[in-house]
Amino acid sequence: MKKIENIELTFLSIDDYQELKKAMIASYSTMPDAYWRENQIEALIDRFPEGQVVIKVNNQIAGSALSIIVDYSKIDRHHTYQEITGDYSFNTHNPDGDMLYGIDVFIKPEFRGLRLARRLYDYRKELCERLNLKGVAFGGRIPNYHKYSDKLTPKEYIDKVRKKEIHDPVFNFQISNDFHPSKILKSYLEGDDASNDYAVLLEWDNIYYEKEVTTPTIIKKVIRLGLIQWQMRAYKDLDELLQQVEFFVDSVSGYRADFALFPEFFNAPLMAGNNHLTEPEAIRELAKYTAEIVQKFSKLAIAYNINIISGSMPEIVNDRLYNAGYLCRRDGTIERYEKLHITPNEVNVWGMDGGTELKTFDTDCGKIGILICYDVEFPELSRLLAEDGMDILFVPFLTDTQNGYSRVRNCAQARAIENECYVAIAGSVGNLPKVHNMDIQFAQSMVFTPCDFAFPTNGIKAEATPNTEMILLADVDIDMLRQLNQFGSVRNIKDRRCDIYELKKKQ
């Protein structure tokens, strides 16, 4: 497979049909005639366009999810696939129904392993919440059952799969995505010999369902942040460090976090092998790893469906040494940010240069800003980002003493108040006795909020244990910021005296 440049989840169009047909044929190789005809796809799109989506990799269809809405109370619990689809006409779709029913999900073989199916399932869940439906249901295949059908009943087989005594790739995936089996369906899908004519009715419950609500919001309100408080320790090589990186990404992704934030210079332990060199030489050797680390972060962002803020790393551009990091989005795109204000230590010991570009970043969770450590102590930067629409400011940092930490912490909290935004800071802890100029670290990662009635009185949403390796998870509600902007006790953005002062970037 070619390098992934873009991943996009989009509505299915009838113009996609020929490519979709090829993808279906490739995906259902054991059932060569198992693909939807053009008139059937057209009927689905006409009846329920929001329920029909495709996921594209490098603008090529990699998979699809097709759905209808049904009145679940009127569905026979012993139904077949043919019955639920109205003999494949989809006239069973009821826009006033209460359950999203999955008709089809597939991923082309060459795109499997990228966790793309999880994105399709997540879309269905989000659509279900948005439309205020009770949940998601579908008949799930058990394609390995034919290997055990002479010894086990379907119920016994499912029980062993749930206990991990038997591996069934389809059923394992479905239960790992919070779907629970509700009923065994006999003769559900015609021609599914691998499942021995059985399927499992799987359901996911929407805990936000409210029967009275008729106009659910269509904008995601709550963003989950995952902060990594990284332990500085010896690693034998880059692969071992990246294993620890993936462990943390996997952990925060398991909690359905939207962002993972790593600290400044989290990869500094790799300098231990060059401790015999001078400090400027050692940091430049460390910079040689940066490109490979960024590519790994991007792959993890795609695989675990999470936006990753890579903290920062040394990077050489045109023979000049910078402190830079990367935003690796879960759609496969990457953007660079850089530290603008370099500390005296970074200049005097390593010979670093400050960056020149300040900007916000568009994500699937709104606009964010990223400032590296010392930069958060300059209020002009975050104010410019706020004026550009920033809702969340991320601050990867590295501080050796409590004095240095207090500067970052107190300034970060001030930025949350004065810019009416959330601020997340993440740092490293522990010691590196074999790395010059990086021997001790002190950190306490936190998420700050504005100080008003809707927020914690002390402006702290969540805080990690000081100097302990851990992750910190926190949900932040963007709608609360919007209300604060309009109805807060004080309005730091609106009440600026632009008649007597102004702030602007140089062009």
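No lab work stands behind these numbers, since they all come straight from the coordinates. None of these values were measured; they are calculated from a predicted model. No Cβ is skipped: glycine too gets one built from the backbone with ideal geometry, and neighbour counts run over all protein chains shown.
So if R0 is 56 Å, what FRET efficiency would Ser89 and Asp499 give, r being the distance between their Cβ atoms, rounded to the nearest 0.05?
Between Ser89 and Asp499 the formula returns 0.30.
Using only the alpha-carbon atoms, what does region 222-487 span along each of its principal axes? Please give whole angstrom values in decreasing order.
59, 38, 36
Can you tell me the Rg and the Dmax, both Å, for the Cα atoms in region 123-229?
17.3, 52
So which chymotrypsin sites (Phe, Trp or Tyr not before Pro) in region 387-443 pass both tests, a DSSP loop state and at most 11 other Cβ atoms within 10 Å of the Cβ?
none
Provide the percentage of antiparallel DSSP beta bridges, counting only those with both residues in region 362-507; round to the nearest 5.
55
With every atom except the alpha carbons ignored, what do you get for Rg and Dmax of region 235-329, in angstroms?
Both quantities, over Cα of region 235-329: 13.7, 43 Å.
Filter the trypsin sites (Lys or Arg not before Pro) in region 433-506 to those in DSSP coil with at most 10 other Cβ atoms within 10 Å of their Cβ, and list the result.
Answer in residue order: Lys494, Arg497, Lys504, Lys506.
P(r) of region 27-92 in 5 Å steps, Cα pairs, percent per bin?
The distribution over region 27-92 is 3, 14, 21, 24, 21, 11, 5, 2, 0, given as percents.
Work out, step by step, the length gained on full extension between Met470 and Asn437: first 0.36 nm times the residue separation, then minus their alpha carbon distance; give nm to one decimal.
Here the answer is 9.5 nm.
For the chain, what are the per-bin percents of Cα-Cα distances with bins 10 Å wide, up to the bin holding the maximum?
The calculated distribution, bin by bin, is 4, 17, 25, 22, 17, 12, 4, 0, 0.
Once you have the Cα-Cα distance between Thr10 and Asp364, take 0.36 nm times their residue separation minus that, and quote the gain in nm to one decimal.
The Thr10-Asp364 span can extend by a further 126.1 nm.
Mind giving me the nanometre distance, one decimal, between the label points for Lys236 and Asp353, set 7 Å out from Cα along Cα→Cβ?
Between Lys236 and Asp353, the label points sit 3.9 nm apart.
Kirkwood Rh over Cα pairs of region 7-205 into Stokes-Einstein at 37 °C, 0.692 mPa s: D in µm²/s?
So the translational diffusion coefficient is about 191 µm²/s.
Run through the DSSP bridge list for the chain and note the antiparallel percent, rounded to the nearest 5.
75
Give a quick list of trypsin sites (Lys or Arg not before Pro) in region 1-37 that DSSP marks as loop, anything other than H, G, I, E or B, with at most 13 other Cβ atoms within 10 Å.
Passing both the DSSP loop test and the Cβ count: Lys2, Lys3, Arg37.
Please compute the modelled spin-label separation between Asp76 and Asn345, points set 7 Å along Cα→Cβ, answer in nm with one decimal.
With each label point 7 Å from Cα toward Cβ, the separation is 7.3 nm.
Would you mind counting up the charge near Ser29? Only other residues with Cβ under 15 Å from its Cβ, with Lys and Arg at +1 and Asp and Glu at -1.
+1
Taking 0.36 nm per residue of separation and subtracting the Cα-Cα distance, what length does fully extending Glu246 through Val222 add?
6.2 nm
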